[in-house]
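Visitor: What follows is a structure written as structure tokens; I'll ask about it next.
The values are calculated or read from the model by the stated rules, or taken from the named source; none is laboratory data. It should be emphasised that the depicted structure is a prediction, and the values quoted were computed from it without experimental measurement. Glycine also receives a Cβ, built like all others from the backbone with ideal geometry; neighbour counts cover every protein chain displayed. Surface accessibility is based on the protein's heavy atoms, side chains included, excluding ligands, DNA and RNA. Shrake-Rupley method; radii C 1.70, N 1.55, O 1.52, S 1.80 Å.
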Amino acid sequence: MRIPSSRGVQPAVLAAGASLWMATVGNVALWRELHALGLLGTPGGWLLAFTLAGLLATTLFALLSLLAWRPVLKGAVILLLFVSAAGAYFMWTYRTVIDSGIAASVLQTDADEVRALLTAPFALTLLVLAIVPSLLVWRLPLARRPWPRQALRNTGAAAIALLLFAVLLLASFQSLASTMRNHKHLRYLLNPLNTLYAAGQAGIGDRHAKGGLLPLGRDAHLLASGSKPPLLILVVGETGRSGNFGTNGYARDTTPELRQAGVASFRNAWSCGTHTAASVPCMFSHLGRDGFLARDQDSENLLDVLQHAGLAVLWIDNQPGGCKGVCDRVPHVNTSALRDADLCAGGQCHDGILVAGLDARIAALPAQQRERGVVLVMHQMGSHGPAYAERTPAAFKRFLPECASAHLPDCSGEQLRNAYDNTIAYTDHVLGSAIRWLRGRADFDGALVYVADHGESLGENNLYLHGLPYALAPDVQKHIPWVTWLSPGFEQRGGVTTQCLQSRAGARITHDNLFHSVLGLMQVGTSAYRRDLDAYADCGAH
């Protein structure tokens, strides 16, 4: 039997030291942002910073005090140190913030994405902010006390911390409330509480999945039939910036193959979210962004309705992270781990793999459904960052020198733009290849629609990547490309012409329109369809 001993460091001392470390050093991104906003230029601003540090420290101390048991405390402190260090790095480097959307994306991150983020600066940050402090914590002897006395001490320490929190909050409430009201993004920089809160919101399981899936479009049917069945390729682009597409007036000709194909491009299209986990389920929903965010229960989506109408549907995914549940009830394949000497060198496939072997994939679909029509959905890797250079084969690197680092601040603005524009130029080639394949399928009336899931920041205002809360995100993270190509046979089917779509290039559309626009193009009748949300309806769709 081990005798309790007061020798060693008191658990409360360790909890206090760790809390102060994370509240100060771990919040360098917060202090930088306060400085950038001009809030540290006055004594009142410094008092605000002191208050924020105090509120963070007391909250962390209260949390750790409740965990201040010898078998638990060190593990809890070390975990928080690593969470704090990782959050500090990403917020400092990419000037992003951490909310539930980012947390959901992290929970769905695959090994290749993790590998791309493991840079030398990230390792150095972990070493300084987490590894070295963790080693010190691990070697620190903690005092032993009988559990009733320890429980009393833990409860008392937490109570004192909460009392100090209340005093600090009341003493600075006016200035603090004003600052947070005027600069809402600051709340997402409070490290590591932002990560803990976001992870809690993201949850282990979706609250919308409870109660089962609501049926949708069970009355779906085809309104017309022609001499040939329709074949639509719907490409879900990854991280596409509308402004970097040559078809939208970009100074660089990043889309020569699309231009040659004579596509129509909507220049005023906007996403439902700022990251894949939010945008992809939302864009395939019938609810629209507002309804999707407010929903109490999940429902079937566009792919289900197309399948209810008797069409053959196939989702082809080149992202290891998959379709975010959208394709769960339709046939789907993943190409990201295929073995192809040309397209999959390095262990991850370039998007050209999406158009490889399409004839065989079509032939494998059920004959009865195939005769009514086919919808192929292709989910790209596209322009997924920060390792933009890895998205393009060497033969397609038209713009040089390009940024080859995942630590984007290491690169000049020109290098970063070159690397990103190469991904758009390669997407142009993939889409051009798909259009050429469609033209070669004389047994179908072919069409292609490309819509990106969200945009990207490339250093504008020192912001990188994507994923900022929608209300705070700059337009470049929400302004997306939407491209349409129609074969002559497809134009004749529904009366929608490329010339008419080109005349409406400036019309404002959003992901809210995708569900209804695809149903309109494929001439699917259902009570779930709304003509007023069909982006093609004014050009002749039903």
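Visitor: Can you go through G26, G38, G45, G54 and tell me which one is of a type outside the set (D, E) and outside any helix (DSSP H, G or I)?
Guide: Numbers: G26 fails: outside any helix (DSSP H, G or I); G45 fails: outside any helix (DSSP H, G or I); G54 fails: outside any helix (DSSP H, G or I).
When all the criteria are applied, what remains is G38.
Visitor: Do we have any residue at all in the stretch 323-346 that's in contact with a Ser or Thr (Cβ under 9 Å, 6 or more places away or on another chain), closer than 21 Å to G385 by Cβ and of a type in the set (G, A, S)?
Guide: No, that holds for no residue.
Visitor: Is at least one residue of the stretch 127-142 within 36 Å of the chain's Cα centre (by Cα) and within 30 Å of G346 (Cα to Cα)?
Guide: Taking every residue of the stretch 127-142 in turn, at least one turns out to be within 36 Å of the chain's Cα centre (by Cα) and within 30 Å of G346 (Cα to Cα).
Visitor: Residue under question is L258, and the condition is that it be touching a strand residue (DSSP E or B) at 6+ places or on another chain (Cβ under 9 Å), touching a residue at least 40 places away in the same chain (Cβ under 8 Å) and open to solvent by 10 Å² or more (accessible area, probe 1.4 Å); does it hold? Write out each step before concluding.
Guide: Values: touching a strand residue (DSSP E or B) at 6+ places or on another chain (Cβ under 9 Å): yes; touching a residue at least 40 places away in the same chain (Cβ under 8 Å): yes; open to solvent by 10 Å² or more (accessible area, probe 1.4 Å): no.
In short, no.
Visitor: Answer yes or no as to whether C344 is of a type in the set (A, V, I, L, M, F, W, C), within 30 Å of R115 (Cα to Cα), over 19 Å from the mean Cα position of the chain (by Cα) and open to solvent by less than 30 Å² (accessible area, probe 1.4 Å). Please lay out each step first, then the result.
Guide: Values: of a type in the set (A, V, I, L, M, F, W, C): yes; within 30 Å of R115 (Cα to Cα): yes; over 19 Å from the mean Cα position of the chain (by Cα): yes; open to solvent by less than 30 Å² (accessible area, probe 1.4 Å): yes.
Yes; evaluated as a whole, the condition is true for this residue.
Visitor: Which pairs have Cβ atoms under 6 Å, sit 6 or more apart or on different chains, and link a residue in the stretch 171-199 that is over 18 Å from A36 (Cβ atoms) to one that is open to solvent by less than 30 Å² (accessible area, probe 1.4 Å) and at pLDDT below 85?
Guide: Every condition considered, the pairs that remain are A198/D99; A198/A103; A199/A103.
Visitor: What number of residues in the stretch 63-84 are open to solvent by less than 10 Å² (accessible area, probe 1.4 Å) and touching a Phe, Trp or Tyr at 6+ places or on another chain (Cβ under 9 Å)?
Guide: 2
Visitor: Still on this structure, I have one more. Scanning the stretch 163-184 for residues that are open to solvent by less than 60 Å² (accessible area, probe 1.4 Å) and not polar (S, T, N, Q), which turns out modelled with the highest pLDDT?
Guide: A166
Visitor: While we're on this one: Tell me, please, whether a residue that is in a helix (DSSP H, G or I) and more than 13 Å from V235 (Cβ to Cβ) can be found in the stretch 377-387.
Guide: Within the stretch 377-387, not a single residue is in a helix (DSSP H, G or I) and more than 13 Å from V235 (Cβ to Cβ).
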